[in-house]
Structures are given as C-alpha cells and as structure tokens.
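Participant: Have a look at the structure that comes next, please.
We did not get these values from a lab; they are worked out from the coordinates using the rules stated. Keep in mind that what you see is a predicted model, and the values were worked out from it rather than measured. Glycine also receives a Cβ, built like all others from the backbone with ideal geometry; neighbour counts cover every protein chain displayed.
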Amino acid sequence: MKPVQSTLRKWMQDNENFKENYIKIKKEVLADPEIKAFLSEHPGLTQKEITKSLIKLYEYQSQSKQCASCASFGACQNMLPGYSPVLHVESGEIRISYEKCHNRIMHEKQQAQEKLIQSVHMPKDILEATTDDIDYRDAKRNPAIRELYAFIKQAEKGLPAKGIYFYGSFGVGKTYFLGAIANKLKELNISSMMIYMPEFVREIKSSFKDDSTNEKVDYFKRADVLMIDDIGAEMQSAWFRDEILGSILQYRMMEGLPVFFTSNYSLDQLEGLLASTRSGIETVKAGRIVERIRQVSSAVEIIGDNRRYL
Ligand code: ADP
Ligand code: MG
C-alpha cells in the first residue's frame, strides 16, 4: 500500500503546487499592462471566457511583441521565430494569432534587395559602398557629390532619364560613387546592373561561342539602371562600339533609361579614343556614340586625391 499512498501524497502536493502556480500565473497575466489594455478594449468578455482563455493570454504575455525583447531577426526569442502574437476577439471568444515581426519583415526586404544589384567583376568594397561613407573633407569633390544626391532625390519620385558620366584621374573614387548610388537605389527598390567595361567586351566576345550575345545585350538594354565602369579602358573594336555599345545606348536613350559611366577620360577625349580602331579613324561613328552618352548621362568631373594611396 505504501507506494500508492506516497504517490497519492505526491500528487496532492503537486496539485497544491499546481493550484498555487495557477493562481500566481493568473495574477501575473491579468496584471500585464498589454493584457489589461486588451481586456478593457473588450468589456463584453465574460469572466468565464477570460478564465477559459488564460493559457492563450499567458502565451501572449510570454512572447516578445514586435521585437521588443529581441535584438535582431536572428535573435528572435519567440516560439515561432520571426512572428509576434496578436490577441483578438471573435464571437465572444479570445483568439491568438501570429503576424510577421518587424525584424522579420526587414530581414525579408533586405534579402529581396540583395538581388537588386547585379554585377560582373566588381570589387567587394565597391559593392559595399555607401553614401554615408563618402568623405566630405575633400571639398574638390563636392560638385560630384551634389550630382549624386540630386539623382537620388529625383529617383525617389521616379527614375530619371539621365545618369552621370563621372570622369577624372585614377583612384579619385569614381567607381566607389557607382557602388554608393547602386546601394542607395536598392533602398528605393530600384535595381542596378554594374559592369566593368573591359570585362564586358570580353564577355560579349566570348558569348559568340554559345549564341547568347543577344540575350546578354538585351539584359543590358533593359536593366533599370546600367552602370558601365571604366569606359575607355577596353580594347577598341569597331564592331563592339557600333553593334553592341551603340545599340544598348540607342535603346536606353529611346526608352529614357539612365546609364552611369566612369572613365579616366573626358567625353572629348573618349571621342578620340573611340574613333581610332583597327579599321582606321572613324570620327563620325565615335561622335555618334558620344552623342548617345550625352543623352543618357550628364558629365561630372571628380577632382581629388588618389585614394588608393591614402
Ligand atoms: P576610381 O574608380 O576613381 O579609380 P575607386 O572608386 O576605385 O577609384 O576608389 C579607389 C579606392 O578608394 C577604393 O579602394 C575605394 O574603396 C576607396 N574610396 C573611394 N572613394 C571613397 C570614399 N568616398 N570613401 C571611402 N573610400 C573610398
Ligand atoms: Mg574605377
């Protein structure tokens, strides 16, 4: 008989604890400011319903609400990570449901935005460039910074038809500016396609083998924002200049889609470079390309120190 008695005693003891616990939890739950507010918003709820739903109210109380107690999405403490509890009343009954937390929404948005910058052969520091890190101490660069901000400001209302042609000497931060703009546009949900010009030429030439040239060219034609880095540094080929670059710029000009460029050369200097190809000096054709560049971008010189040795 002994084991039964002791089991029974234990059960009663536990039961006592259970009762005590229950009363304590009930008190705590009903004293919670958010639950108090919820109950006062629903004066029609009966005492019976409140007692019956105590477990739901307890669940609500124990979870972090809209990330209040979580540092970030990865550090979510809730039963359903990334979801916050919400209380509501349906036909006189208390219900609990879950909605996405702020941190989760932000995390999902960031993940979607990561896909908004596509790049071919761009260094990591450029892909991580931000306008906040632009160094203002160098006043010589102010006109370029002003243009950058003017573009962003316009883009908030709608994508401008003209990008910027940044030119200046090696290391002044031209490519960095492209990265900073692409990241700012990403926040506005505008996608950018960045490409390093010498690589672009190589890529298009190699795509002959697999017939994907048209597909690639189409992609560059239609990107929301196209960013061509280091124009003038590529090997000159009349075919690339007229058939590829020319057709991309022509399309974007007609569609009012902006293009950004960086170059070590001013537009006049670039015109000279584009004119001299293996087929001889072709000033008219080079002039046509530069004219299209002027249509899709405004030229801004970046003057400054070579930041690669700072
Ligand atoms: P460019 O394209 O004019 O030759 P880059 O944009 O590549 O020059 O810049 C040269 C180096 O200086 C890079 O390593 C870049 O990350 C850094 N840099 C350029 N501008 C800034 C800036 N505003 N703030 C911080 N680093 C910069
Ligand atoms: Mg560069």
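Participant: Quick one: go through the stretch 264-297 and flag any residue whose amide nitrogen is under 15 Å from the point 7 Å out along the Cα-to-Cβ line of Phe170.
Facilitator: 264-265, by backbone N distance to the label point.
Participant: Now for a separate question. Per DSSP H run of n ≥ 4, the term is -39500 (n - 2.57); total these for the chain, divide by its residue number, and report the mean residue ellipticity at 222 nm rounded to 500 deg cm²/dmol.
Facilitator: Details: 13 runs with 152 residues, N = 310.
Rounded to the nearest 500, the figure is -15000 deg cm²/dmol.
Participant: Test of understanding: express the Cα radius of gyration of the chain as a ratio to 2.2 N^0.38 Å, with N the residue count.
Facilitator: Against the compact-globule rule of thumb, the ratio is 1.62.
Participant: In whole percent, what relative contact order does the chain give with Cα contacts below 8 Å and a gap of six or more residues?
Facilitator: About 18 percent, as a whole number.
Participant: Same structure again: Using the alpha carbon gyration tensor of the stretch 4-104, what are the three equivalent-ellipsoid semi-axes (square root of 5 times each eigenvalue), largest first, in whole Å?
Facilitator: Working through the eigenvalues yields semi-axes of 30, 20, 11 Å.
Participant: Rounded, prolate or oblate for the stretch 66-111? Axes are the square roots of the Cα gyration tensor eigenvalues, ordered a ≥ b ≥ c, and the cut-off for rounded is a/c under 1.5.
Facilitator: prolate
Participant: Please compute the net charge surrounding Leu39, taking Lys and Arg as +1 and Asp and Glu as -1 over other residues with Cβ under 12 Å from its Cβ.
Facilitator: Numbers: positive: Lys36; negative: Asp32, Glu34, Glu41, Glu49.
Net charge around Leu39: -3.
Participant: Asp132 to Gln66: FRET efficiency via 1/(1 + (r/R0)^6), r the Cβ-Cβ distance, R0 25 Å, to the nearest 0.05?
Facilitator: Values: r = 27 Å, r/R0 = 1.06.
So the FRET efficiency works out to roughly 0.40.
Participant: Mark the label point 7 Å from the Cα of Gln154 along Cα→Cβ and return the residues of the stretch 242-267 whose backbone N is within less than 19 Å of it.
Facilitator: 249-263, 267
Participant: Calculate the dipole size of the stretch 1-91 relative to its Cα centre from +1 charges on Lys and Arg beta carbons and -1 charges on Asp and Glu beta carbons; express the result in debye to the nearest 20.
Facilitator: Values: 12 positive and 10 negative charges, 94 e Å.
I would put it at about 460 debye.
Participant: Something else now. Tell me the net charge near Val217. Cut-off is 13 Å between Cβ atoms, Val217 excluded, with +1 for each Lys or Arg and -1 for each Asp or Glu.
Facilitator: So the environment of Val217 carries a net charge of -1.
Participant: Of the GluC sites (Glu not before Pro) in the stretch 62-138, which ones lie in a loop per DSSP and count no more than 12 other C-beta atoms within 10 Å?
Facilitator: Passing sites in the stretch 62-138 are Glu128.
Participant: Dipole of the chain (Lys/Arg Cβ +1, Asp/Glu Cβ -1, origin at the Cα centre): which of Leu127, Tyr176, Ser72 lies farthest to the positive side?
Facilitator: Ser72
Participant: Would you work out which of Val290, Gly232, Gly44 lies farthest towards the positive end of the dipole of the chain? Charges go on Cβ: Lys and Arg +1, Asp and Glu -1.
Facilitator: So the residue we want is Gly44.
Participant: Among the DSSP beta bridges whose two residues both lie in the chain, what percent are antiparallel, rounded to the nearest 5?
Facilitator: Of all bridge pairs located within the chain, approximately 35 percent are antiparallel.
Participant: Follow-up question, since we're still on this one. Using a cut-off of under 15 Å, list every residue of the stretch 11-38 whose amide N is near the label point 7 Å from the Cα of Gln47 along the Cα-to-beta-carbon line.
Facilitator: 27, by backbone N distance to the label point.
Participant: Calculate the dipole size of the chain relative to its Cα centre from +1 charges on Lys and Arg beta carbons and -1 charges on Asp and Glu beta carbons; express the result in debye to the nearest 20. Show your work: numbers first, answer last.
Facilitator: On the way: 43 positive and 42 negative charges, 174 e Å.
Magnitude of the dipole: close to 840 debye.
Participant: Follow-up. Taking 45 Å as R0, compute the FRET efficiency from the Cβ-Cβ separation of Ser266 and Tyr98 and round it to 0.05.
Facilitator: Working: r = 59 Å, r/R0 = 1.31.
It comes out at approximately 0.15.
Participant: Only Lys, Arg, Asp and Glu count, each charged at its Cβ (+1, +1, -1, -1), so figure out the dipole size of the stretch 192-310 about its Cα centre, rounded to 20 debye.
Facilitator: 100
Participant: Also, quick follow-up: Kindly state, to the nearest 0.05, the FRET efficiency for Ala31 paired with Val89, given R0 = 30 Å and r defined as their beta-carbon distance.
Facilitator: Once rounded, the FRET efficiency stands at 0.90.
Participant: Choose one answer from Asn17, Asn189, Asn214: the residue with the largest mean-square fluctuation in a GNM of the chain with alpha-carbon springs under 10 Å.
Facilitator: Asn17
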